[in-house]
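J.: Provided herewith is a single structure, encoded as C-alpha cells, for subsequent inquiry.
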Amino acid sequence: MFKKKSCLFLSICLILVVNLVGCSSGNSSHANEKVSLSELHFDTIMNISLYGDNKEELTGIIRDSYARIDDLEKIFSAQLESSELYAINQAIARGEESFTISDELEKVIKYGLDVNEASNGALDITIGNLIDLWGIGTDHENLPTSEAISEALVGTGCSYLSLDEDNNELRVSSRKVKIDLGAIAKGYAADDIKSLILSKNPKVTGILDFGGNIMTIGGKTDGSKWKVGITDPFDNSNVYGGVSVSDLCVVTSGNYERYFEKDGVRYHHILDAKTGFPAKKGLASVSIIGSSSIQCDALSTACFCLGADDALSLINGIDGVECVLIYENGDVAASDGIGQYDFVRAE
Amino acid sequence: MSIKKKAIILIVVAVVIGIAAVSSIFIMNTKTKKGSYAYIYHNNEVIKVVDLTNVKEDYEFKIEVDGGYNLIRVTKDGSIGVVDASCPDHICMNTGFIKNGLMPITCLPNKIVIEVKTSLDDGNSAYDSVAK
C-alpha cells in the first residue's frame, strides 16, 4: 500500500519537475516559427524576418524574395553595368532621346516625377551627375569646384524627362541627364516584396529591413504592434525614439550615415538638386510613416531637402502619412497625426 | 522506520529535487541573459565570434579579407566598433560602437557585417527594428 502511494507521489513530483522544465524552454517551441535571413543588395544590407507556421515554407518565401530583389536591382541600379537603367543612362550620354522601358522602370520613374512635382522639385531623380561628381561613399569623394557643380546642374531637372505611359516610352531632352533612382528604388522593392510574400501566404507576418527602410507585414504574433526605432542622428548606434505600427513602413533619411568631412564641415549624401550641394535646411533626419514604402522613401528625401516648415506642410497635406523631424540643434517636430503611432523618446 | 516517517522523507526529497530543478532553470536563464557575443560575417559566413562579456581591457584586432581590412575595437563596456578600415565610404566606422542587436555594423566594400547577439534580442528588446 505504502509503495503504491509513494510511487504515485514520486510520479506526480517528477511530472511536476518535467513540466516546469518544459515550460521554461517553451519559448523555443512557440507555435509561430521565425526565419530571418540577410543578404547584400542595392548597395546595402537587407534583412527579411518572417513569422509563420512552417520554417521550410518561410525559408522558401525569403529565398524567392531575394531572387526577386536581384531582378529589381538589374532594373533600377545606376551603378550595375548590367542594369536596364545603366544602359539607358549610357544611351542618353550618346545622344539617344527615346527609350522603350520595362513596366517596373516606368512605374518608378513616373513616381519620381510625380513626387518631384508635389515637392516643388525637392526630390529629383536626375541628379546622377551630381552624385558622381561628389562621389560620397566612393574612393573619389571630394569637394567639387563651383564650376564643376554648375556644369553638373546643367543636366539636372525632371523637366528633361517625359513619359508616354501607353507605349512604355521614356523621352529625354538633354544628353547631360543622368537618372538615379537611389532615393526611391529600395522603397519600390519593399512594396513589391511585401506583395510577393503575401501572395505566397497571406497569413505570414514579419519585418523587411532594406538598409534601414523598415516595412512591417501585419502585426506581431501576440497581436500587438511592432515597435520601430528611429536612429539617433547624433549617435547612430543608438535609438532616438520609436513608433508603434502594424502593416506600415518607417523610412528615415539622415545626414549621419554616408558623409565625409573636410575642414570641419560635414558633406553628406542627400544632395539638393537646386544648389548642387548636400541639403542643408537645419534637419539632421526625417522619418516618414505610411503604408507605401516608395512614398515614404521619396518623401523622406524630399522633406530633408525642403526643411522643416515646408516638410510639415507637405506631410500634413497628405492623407495616411506622418513624419518625425529631428533638427540639427536637437529639437524635434512631428506632423499632426503622429499621436496615433505613440511616438516616444527612447529612455 | 514508520510509514509516516518514510513518507515525510520522500516528500522532503521530492521538494528538494523540485527546488533544485527550478533554481537551475533560473540560473541558466540568468547566465544566458548576461551573454553577449559579436558575430563577424564575411560574405554571409561567420568568420569570428567575439565574447563581449567580462572584457577586462579594451583591445583591437584586424580582419583582413579580399585585400581590404577592418580594424575592430572591443571595449570594456561590452561594445564593439570599427576604428579603421580600407573601405572608401567608412560607413562601418560612422556607425560607431554597438552593444545590442538593433544596429548591425556593415562594411559593404569588404562584405563584412558585425552583429551583436544577446538573449535580450530574443523578444525582450524595446524595439523590433530600427529605421535609419
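J.: So how much accessible area does residue A:40 have, in Å² to the nearest 10, using a 1.4 Å probe?
T.: Estimated to the nearest 10 Å², residue A:40 gives 50 Å².
J.: Report relative contact order for region A:133-223 in percent, whole number only (criteria: Cα-Cα under 8 Å, sequence separation at least 6).
T.: Once normalised by length, the contact order is 15 percent.
J.: Largest first, what is the accessible-area ranking of A:319, A:53 with a 1.4 Å probe?
T.: Correct descending sequence by accessible area is A:319, A:53.
J.: On the accessible surface of chain A, probed at 1.4 Å, how many percent belong to carbon and sulfur atoms?
T.: Answer for chain A is 49 percent, counting heavy atoms of protein chains only.
J.: Can you compute the helix-only [θ] at 222 nm over chain A? Use -39500 (n - 2.57) per DSSP H run of at least 4 residues, normalise by all residues, nearest 500 deg cm²/dmol.
T.: That comes out to -12000 deg cm²/dmol.
J.: Report Rg/Rh for chain A, rounded to two decimals, where Rg is the Cα radius of gyration and Rh the Kirkwood radius.
T.: 1.11
J.: Would you grab the residues whose amide H sits under 5 Å from the one on residue A:178? Only those 5+ places off in sequence or on another chain, please, with H modelled 1.01 Å from N.
T.: Residues meeting the criterion, in which the H sits 1.01 Å from N, are A:128, A:129.
J.: Can you check what the net charge comes to around residue A:233, using other residues whose Cβ is under 10 Å from the Cβ of residue A:233 (Lys, Arg +1; Asp, Glu -1)?
T.: -3
J.: Same structure, new question: Give the relative contact order (percent, whole number) for chain A; include only Cα pairs under 8 Å separated by 6+ residues.
T.: RCO, chain A: 15 percent.
J.: Can you run phi through the Karplus equation (6.51, -1.76, 1.60; θ = phi - 60°) for region B:78-92 and list ³J(HN,Hα) in whole Hz, with x for Gly and Pro?
T.: Working through the residues one at a time gives x, 10, 9, x, 9, 9, 7, 7, 7, 5, x, 8, 6, 4, 4 Hz.
J.: Residue-wise, which Karplus ³J(HN,Hα) couplings in Hz belong to region A:260-276, taking 6.51 cos²θ - 1.76 cosθ + 1.60, θ = phi - 60°, and x for glycine or proline?
T.: Per residue, the Karplus-derived 3J(HN,Hα) values read 9, 10, 9, 6, x, 10, 8, 10, 9, 8, 8, 8, 8, 5, 7, 9, x Hz.
J.: Give me, ordered by chain and number, the residues 5 or more places off residue A:272 or on other chains with an amide H under 5 Å from its own placed amide H.
T.: So residue A:272 has HN proximity to A:277, A:279.
J.: Can you tell me the order of A:282-294, A:258-270, A:93-105 when each peptide is scored by its average per-residue count of other Cβ atoms within 10 angstrom, highest first?
T.: Order by mean packing, descending: A:282-294, A:258-270, A:93-105.
J.: Distance between Cα centroids, region A:319-339 to region A:223-289: provide it in whole Å.
T.: Going from one Cα centre to the other spans 12 Å.
J.: What residue among A:233, A:278, A:202 has the largest mean-square fluctuation in a Gaussian network model of chain A, using Cα springs under 10 Å?
T.: A:202
J.: Let me ask something else about it. Just to be sure I understand the interface: list residues from region A:198-237 that lose 50 Å² or more of accessible area between the chain on its own and the complete protein assembly, 1.4 Å probe.
T.: A:227, A:236, A:237
J.: In terms of solvent-accessible area of protein heavy atoms at a 1.4 angstrom probe, what is the ranking of B:95, A:275, highest value first?
T.: A:275, B:95
J.: Shifting gears a bit: Do any residues of region A:239-271 lose at least 40 Å² of accessible area when the full set of protein chains is present rather than just their chain alone, and if so which, with a 1.4 Å probe?
T.: Residues meeting the cut-off: A:239, A:257, A:259.
J.: Right, next: Taking amide H positions as placed 1.01 Å from N in the peptide plane, with prolines and chain starts having none, which residues 5 or more places from residue B:69, or on another chain, fall under 5 Å of its amide H?
T.: Distant-sequence amide H within range of residue B:69: B:86, B:87.
The values are calculated or read from the model by the stated rules, or taken from the named source; none is laboratory data. Values in this document were obtained by computation on a predicted structure and should not be read as measured data. Cβ: placed from backbone, ideal geometry, glycine included. Neighbour counts: every protein chain shown. Areas reflect the complete protein model, heavy atoms only, side chains present, ligands, DNA and RNA absent. Shrake-Rupley method; radii C 1.70, N 1.55, O 1.52, S 1.80 Å.
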